[in-house]
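Colleague: Before anything else, here's the structure in question.
The values are calculated or read from the model by the stated rules, or taken from the named source; none is laboratory data. The model shown is predicted, which means the values in this text are computed figures rather than measured ones. So basically every Cβ, Gly included, is an ideal-geometry build from the backbone, and we count neighbours across all protein chains shown. Surface areas here come from the heavy atoms of the whole protein model, side chains and all, with no ligands, DNA or RNA. Shrake-Rupley method; radii C 1.70, N 1.55, O 1.52, S 1.80 Å.
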Amino acid sequence: VLYIESFGNPRKFARTARRVGATMPVLTVLAGRSVAGQQAPALAGAEAGSGPPLASREALFEQAGVITTRGFGELIETTALLATQPVPAGRTVAIVSNVGSAGLLAADACTDLGLTVHRPHGQTRQRLLALTPVHGTVSGPVDMTATVCREDFRQGLELLAADDGVDAIIALTLPTGATGDLVSAIQEADVGVPLAAVLLDQAESVRLLPRPGRDGQVPAYGYPEAAVAALARAATYGAWRAEPRGRVPDFPGIETANAAALTRGFLRQAPDGGWLPLEQVADLLRCYGIPLAGDEGDLADVTARADGIPVIVRVTADYTFGPLVVFGLGGVASEVFADRSARLTPLTDTDADKLIRSVRSAPLLLVGDGRPAADLGALRDLLLRVSRLADDLPEVTDLDLDPVIARPDRAVVADARIKVAPYEPQDPFLRRLR
């Protein structure tokens, strides 16, 4: 569990975190997200607001598999789950309660955070019906009513844990005059999937329940949303750990030397740097196998004739973290809603695929009229080539491919701008004393 305000070597940190995260969760809190937070001396560095860029930190943590939270309370609540429970194998959660309204709140929170609420069926459903008092429901979430006894509640938890369709369980309880000791039922339940308790009369936001006669503990939360949020982060981490790591492709035919000579030649003519002329932009992109369709004179015609969806691909430079590749759908609406995602270079093929799918408007690219609306392979190839260009040429401080027309058969770069500036190698990894 980490609280990080500054980095030594970000790329070394990412490699180490990824290696550790393959077997052990690594968590941090994302501090300094606001303008006010960036003014704090710890994040500001030599000048106010010049601390580690938020987008760069988020991209670094996500690519390295670091679990990020938005506050200290969320950090502790997620840590309590991952310190005591196995990592969920999926995102399907069984909800069991003796208070139906609390189960509904938990179900709503699951839907909001991308978890699926389990709906018992088959023998599991029949056995739950036999345990549940009259007026209860077992359709999911399971409401065992305020009169359920301790033994039946424990058996209900164990039945759901044995169901192959259940990846985790949330057990919610509130003491009533008719119910049994449901807290001890949770402690004694023999379950092999992650288990989180919600004790609605609990003062603490989270505490750990001992399991008499068993190894381990069960995290108990004061309200449903906290338990669900912790499980959602754990499930996302489990998915990251299970996915292939990907590789950085080695494109044949890349003309790195010619590209470097082009940028050096421009800087000899403009020592302070600036935006490359369109012809040189096209030449530089061509060195990396990225054709530029048209020029300023016929851009409108190219866009009008291109049967596809406009997207943007950008690069912004950061001397500490390295270049950041940004992807999103184009158009005014996309700008207004800031529907963008970013990853640090060098991108792997897995990174590029996740970058495309991580924007909220990605379904527009994935679903067409009986076919994919866009050639995702072509978009992946474009992102990987842009990543290689940015990684090879630190003089490129800004690159803007806008629009790129994502067609069902290819991706057309309709317009592009590239800015270069003198690059002086420095050691960005030296830490500063406050």
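Colleague: Have a look at the DSSP beta bridges in the chain and tell me what percent are antiparallel, nearest 5.
Modeller: 60
Colleague: Mind ranking 223-229, 316-322 by how tightly packed they are, going by the mean number of other C-beta atoms within 10 angstrom, highest first?
Modeller: 223-229, 316-322
Colleague: Further question on the same structure: Determine which residues of region 338-355 fall in the zone a paramagnetic label at ALA22 would reach in this model, i.e. backbone nitrogen under 17 Å from the point 7 Å along Cα→Cβ.
Modeller: In region 338-355, the label zone of ALA22 (backbone N under 17 Å from the point 7 Å along Cα→Cβ) covers 348-351.
Colleague: Length gain on complete extension for the stretch GLU204 to ASP307, per 0.36 nm per residue less the alpha carbon to alpha carbon distance?
Modeller: The GLU204-ASP307 span can extend by a further 31.4 nm.
Colleague: If each DSSP helix of 4+ residues adds -39,500 (n - 2.57) and the sum is divided by the residues in the chain, what number results at 222 nm, nearest 500 deg cm²/dmol?
Modeller: Counting only the DSSP helices, I get -12000 deg cm²/dmol.
Colleague: Right, next: Which entry is the computed P(r) over Cα pairs in 20 Å bins from 0, in percent for this structure: [x] 23, 54, 21, 2, 0; [y] 23, 44, 26, 7, 0; [z] 19, 42, 25, 11, 3, 0?
Modeller: [y]
Colleague: Under the classification rounded if a/c is under 1.5, otherwise prolate if a/b is larger than b/c and oblate if not, where does region 100-223 fall, given a ≥ b ≥ c as square roots of the Cα gyration tensor eigenvalues?
Modeller: Here region 100-223 falls in the rounded category.
Colleague: How high is the relative contact order of the chain, in percent, counting Cα pairs under 8 Å that sit 6 or more residues apart?
Modeller: 14
Colleague: Calculate how steeply helix 100-112 sits against the longest principal axis of the alpha-carbon atoms of the chain, using the helix alpha-carbon long axis, and give the answer as 0 to 90 degrees to the nearest 10.
Modeller: On a 0 to 90 degree scale, this one is about 20.
Colleague: Could you sort 2-9, 76-83, 399-406 so that the peptide with the highest average Cβ count within 10 Å comes first and the rest follow in order?
Modeller: For the peptides 2-9, 76-83, 399-406, the packing ranking is 399-406, 76-83, 2-9.
Colleague: A follow-up question, please. Measure off, as a whole percent, the carbon and sulfur share of the 1.4 Å-probe accessible area of region 141-217, all protein chains present.
Modeller: Carbon-and-sulfur percentage of accessible area, whole number: 46.
Colleague: Turning to a different aspect of this structure: With every protein chain left in place and a probe of 1.4 Å, what is the accessible surface of GLU424, to the nearest 10 Å²?
Modeller: It works out to around 140 Å².
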